[in-house]
Each structure stands twice: as C-alpha cells, then as structure tokens.
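**Q** First, the structure itself, so that you have it in front of you.
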Amino acid sequence: MRITGSAFITAPSTMIILDPDLDPDPAPKATSAKRIVAPAPQAKPRDFRLPSARTLARFLGLAQKAVRLKGEVSVLLTTDAAIRKLNRQFRGKNKATDVLSFPAEGLGAEEIAGDLAVSVTTALGQAAEQGHSLSTEIKVLILHGLLHLAGYDHEADNGQMARRERLLRARLRLPQGLIERVSAQANPAPKRPPAKIPAKKRAAAKRPARGARP
C-alpha cells in the first residue's frame, strides 16, 4: 500500500504526509482510542502542537539509519477515524490505534521499505498521559513502526524487538517505548505488605492515653 496526500519531502528516502482532515493545532483535551486523559501537570500547551514535517522527516531519517532499514519510507499523520478505517481494512480490527506498519511487497520492494500511519489523535492522548510532548510521542511511534517494517514482531518473538527498541530508544534519546508501557501495565510493581506491628505495641495503642477519657 502506498499512502498519498499532502506530502512534504525533505530527503530521497523519507516522506511525511499530512492528512487534509488533520487539525494542525490539536487541543490537549483530545480523546485517545483507549482512554480519555488530561494533560500531565508538567506538560505545557505548546508541547501539544503538531511538529513540523521537516522536524519529523529529519528524525525519520535518523531513526531509519539507526534501525538499518533501507528503502523509501512514508509516514502518514492522520486522525483516529482514518486509522480505524485502515486497521479494519488491513487487519480486520474495527478500532483506532496509535501506529500501523505496511511493509512493501512485490515489485519495487527493494527500493521501498514501506509505509507508516500514525494517529495524531491517539498520540496526543498518550503524550498527555506520559507527560511529554506530542512531538516526542510521534517519534516513539515512528521508531516502533520502523522496527515492524524491518521485520520485528514483538507479538511473536522472544523479546527481541523489545530489546532492540530499548537500545535504539536510548540512542535516539526517547522515553519509555510502547512495548515497555504494555509490559508495565501487565506486570505492575508489587505493593509492599503493611509493616507488622508487634503485639505489645498493638496492646499499648488500644489503651487510652493518660489524661484521656476511657
């Protein structure tokens, strides 16, 4: 599948495409596909502005080089409604998601790595929840999508993609990745059991204090 629309090309192998229906200045109160979130206290309004195509194209080139993925890559920045349609059409899942990857197949696949589709609506909600900017969240999603284009599959491997994503995330100075977030939600840190109070102290606590009415 090749994505078309309003394209901004800044390098021979990268392309950022803005969906014409996309709000160029999304509001922080946007609703993600998974949950409704409010901006984190440390996040500022300007952090939720859509980054420029030039900024994202520059990052895309760096990330693609880090992943060692050859060939042209296009990234569509779109809405929940549009990505839900793509998800239903190509994966049979009738719901919005954050990022979709479409590896190139057939004739010309040697020169084209594939396409990514990112829901800015969902990315905005996740950015607010994580306490970082929309630009940072989109970069996290792009890196995740590029790894899928490179053939990684965290749903079928033994943690190989998670390890690779963690390494590249640190190299590209990005916060917690998607796989790590899912793992953290599935395996929350165990709560410490309440400290045991010695029997003598419990008994003393039950006795009325001096000067208090029994």
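**Q** Any idea which of A113, A117 is under 27 Å from D19 (Cα atoms) and modelled with pLDDT under 95? Explain how you work it out, then say what you get.
**A** Values: A117 fails: modelled with pLDDT under 95.
Within the list A113, A117, the selection yields A113.
**Q** Next question. Identify, from the list R166, R202, the residue that is of a type outside the set (S, T, Y), surrounded by 10 or more Cβ atoms within 10 Å (Cβ to Cβ), modelled with pLDDT of 80 or more and in a helix (DSSP H, G or I). Walk me through it before giving the result.
**A** Details: R202 fails: modelled with pLDDT of 80 or more.
So the residue among R166, R202 that is of a type outside the set (S, T, Y), surrounded by 10 or more Cβ atoms within 10 Å (Cβ to Cβ), modelled with pLDDT of 80 or more and in a helix (DSSP H, G or I) is R166.
**Q** So which residues in region 131-156 are closer than 22 Å to A104 by Cα and outside any helix (DSSP H, G or I)?
**A** Hits for region 131-156 are A150, G151, Y152, D153, H154, E155, A156.
**Q** Which is in contact with a Pro (Cβ under 7 Å, 6 or more places away or on another chain) and either within 23 Å of R173 (Cβ to Cβ) or acidic (D, E) (or both), of L116, L143, L60, L149? Explain how you work it out, then say what you get.
**A** Values: L116 fails: in contact with a Pro (Cβ under 7 Å, 6 or more places away or on another chain); L143 fails: in contact with a Pro (Cβ under 7 Å, 6 or more places away or on another chain); L60 fails: in contact with a Pro (Cβ under 7 Å, 6 or more places away or on another chain).
Result: L149 is the single residue among L116, L143, L60, L149 that is in contact with a Pro (Cβ under 7 Å, 6 or more places away or on another chain) and either within 23 Å of R173 (Cβ to Cβ) or acidic (D, E) (or both).
**Q** Taking only pairs six or more apart or across chains, which ones have beta-carbon atoms under 6 Å, a first residue in region 162-178 that is within 16 Å of F59 (Cα to Cα), and a second residue that is assigned to a loop (DSSP other than H, G, I, E, B)?
**A** Final answer for the pair search is E165/G177; R169/G177; P175/H132.
Per-residue answers, yes or no, for (1) assigned to a strand (DSSP E or B); (2) in contact (Cβ under 8 Å) with a residue 40 or more places away in the chain:
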site: A82; (1), (2): no, yes
site: N87; (1), (2): no, no
site: K93; (1), (2): no, no
site: L100; (1), (2): yes, yes
site: G106; (1), (2): no, no
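**Q** Residues S52, S74, S13: which one is of a type in the set (S, T, Y), at pLDDT 90 or above and touching an Asp or Glu at 6+ places or on another chain (Cβ under 7 Å)?
**A** Just one listed residue meets the conditions, S74.
The values are calculated or read from the model by the stated rules, or taken from the named source; none is laboratory data. Given the structure is predicted, the values throughout are model-derived calculations rather than measurements. Reconstructed Cβ throughout: ideal geometry from the backbone, glycine too, with neighbour counts over all protein chains shown.
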